[in-house]
Amino acid sequence: MNAAKVLDAKGLACPMPIVKTKKAMKDVEAGEVLEIHATDKGAKSDLTAWAKSGGHELLKHEEEDGLFKFWIQKGE
Amino acid sequence: MTVKNMTIQDIAHKVLDNEELFLLDVRTKDAYQDWKIESGNFSYLNVPYFDLLDGVEEIMEQLPKNQPIAVICAKGGSSQMVAEMLVEEGLTDVYSVEGGMKAWSEHLEPRKVSDLKDGGELYQFVRLGKGCLSYMVTSGGEAAIIDAVRMTEAYTEFAEKLGVTITNVFDTHLHADHISGGRRLAETTGAVYWLPPEDAGEVVFNYQPLRDADHVQIGQSHIDIHALYSPGHTIGSTSFVVDDKFLMTGDILFIDSIGRPDLAGKAEDWVGDLRETLYTRYKELSDELIVLPAHFMIMDELNEDGTVAERLGTLFSRNHGLNITNEEEFRRMVTENLPPQPNAYQQIRETNMGKISPDHEEQREMEIGPNRCAVR
């Protein structure tokens, strides 16, 4: 998947992954994808809910050895 | 002005003492609806922290001005951030709840249920966040623990305080809603770990099989724990009669509900056992026995003193699950329209069998959420 930007939020605890994601989203155009790497277990449910409330779309997420990857498409 | 912290123990005491508190829960709406700190005297507002990143102005009107506000989240990070924002807006009586819902899930509150003969004592450990109840019976310098939860230090520290040695550890059945601390507690204290063998067919460690009509003595003063086979929630479920006065029902009978038979995938098979236990075996026992269950579901089940206990005779007249004369109707109630199953209950069962060994953090995650062992 082509991401316009990759955000490294590894090692950060809640609320920082979302705080950083929100900030990084400002550098991405509508329709473009932000890729996020996080290790906080709560990131999945929080990012899913945050994307929904902000009008973005969580396109895909993966988990491998404690590393979570998310691809969020910025809404209009 | 800085944010003050409130401990989970403070919150537990407010719940048990019926104090008022305004709780601002900043987890997601789903998490909040699934599970929160319940109290009839609390006021609530749920706004996810990520909706407040640009400021808290929008919710200021919904917050009380002359009452303490406790902010809570999953682990304590976001609540700290939101509480700081509220203080910046000029609110002064604002607290962040340390450890959040994770700490709430793990907190145990010991309450004395009764004295026993010859100086013995009976304590109930109330796990408010998950509704788990476990017990300590002491007598003659010894202690037995029944249905221990994962936080075994709570029992070892309490035993040390009382000056008693834990010699016997029991589980009434193979738990599906929480990780048993029984095995670990037995290993660290050298106590005997008793399990009903019908539930332990797949366990991969050594245990002492507990069979119907077995008696275990605690201390020289002979507090007697009498095993009473009472299948239905699981095939091995066993109740204990302590000192001829207390009936520990495990997950078979609760104060305002009864056990569900489906968590091991056998609802249809076990519904007959459940009915037999509740409507025949328990009926033969003295009405004067005090029922001590392994769970509570709603705060209304707590007594004034924070314990969960009721006369068996009272339950036979008031508990809906004990008053369904029609067998078909009973069958439908315990097999159809059941509440959702507890979080990760299959993994929890496998952990309790010793088949998988998740690390501490994984065990915490598996136990998030309410227990859901009952049908009403």
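Key figures for this structure:
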| quantity | calculated |
| --- | --- |
| Qualifying residues in the range A:1-21 (those that are β-branched (V, I, T) and buried (at least 21 other Cβ atoms within 10 Å of the Cβ)) - the one farthest from the other protein chains (Cβ to nearest Cβ) | A:T21 |
| Matching helices (runs of 4 or more DSSP H) fully within the range B:316-368 where at least 1 residues are within 14 Å of chain A (Cβ to nearest Cβ) and either under 20 Å from B:H233 (Cβ atoms) or touching a Phe, Trp or Tyr at 6+ places or on another chain (Cβ under 7 Å) (or both) | B:360-366 |
| Residue that is under 23 Å from B:V164 (Cα atoms) and modelled with pLDDT of 90 or more, where the choices are B:V203, B:V192 | B:V192 |
| Every residue from the range A:22-65 that is touching a residue at least 40 places away in the same chain (Cβ under 8 Å) and at the interface with chain B (Cβ under 9 Å from one of its Cβ atoms) | none |
| Top-ranked residue in the range B:1-18 [being touching a residue at least 60 places away in the same chain (Cβ under 8 Å) and not in a helix (DSSP H, G or I); ranked as surrounded by the fewest Cβ atoms within 10 Å (Cβ to Cβ)] | B:T2 |
| Among the candidates B:D177, B:D171, B:D147, residue that is buried (at least 24 other Cβ atoms within 10 Å of the Cβ) and at positive phi | B:D147 |
| The range B:32-60 - residue that is surrounded by fewer than 19 Cβ atoms within 10 Å (Cβ to Cβ) and of a type in the set (S, T, Y) and, of those, nearest to the chain's Cα centre (by Cα) | B:Y32 |
| Contacts under 6 angstrom Cβ, first residue in the range B:245-267 being surrounded by fewer than 24 Cβ atoms within 10 Å (Cβ to Cβ), partner of a type in the set (D, E), 6 or more apart | B:D256/B:E301 |
| Residue check for B:D214: over 22 Å from B:Q124 (Cβ atoms) and surrounded by 18 or more Cβ atoms within 10 Å (Cβ to Cβ) | no |
| Close pairs from the range B:317-334: first farther than 16 Å from B:E268 by Cα, partner small (G, A, S), Cβ under 7 Å, at least 6 apart | B:G321/B:S257 |
| Where a residue in the range B:291-309 is more than 21 Å from B:F240 (Cβ to Cβ) and its partner, wherever it lies, is in a helix (DSSP H, G or I), with Cβ under 6 Å and at least six apart | B:G306/B:L16 |
| Every residue from the range A:10-33 that is aliphatic (A, V, I, L, M) and within 19 Å of A:E57 (Cα to Cα) | A:I18, A:V19, A:A24, A:M25, A:V28, A:A30, A:V33 |
| Near pairs, Cβ below 6 angstrom, 6+ apart or cross-chain, from the range B:155-177 (in a loop (DSSP other than H, G, I, E, B)) to any residue that is hydroxyl-bearing (S, T, Y) | B:V164/B:T138; B:D171/B:S180; B:T172/B:T238; B:H173/B:T234; B:H173/B:S237; B:L174/B:T234; B:A176/B:Y345 |
| B:Y32 being touching a strand residue (DSSP E or B) at 6+ places or on another chain (Cβ under 8 Å), free of Cβ contacts under 8 Å to residues at least 60 places away in the same chain, part of a helix (DSSP H, G or I) and over 28 Å from B:Y135 (Cα atoms) | yes |
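The values are calculated or read from the model by the stated rules, or taken from the named source; none is laboratory data. Keep in mind the model is a prediction, meaning the values are calculated, not measured. Don't worry about glycine lacking a Cβ; one is built from the backbone with ideal geometry, like all the others, and counts go over all protein chains shown.
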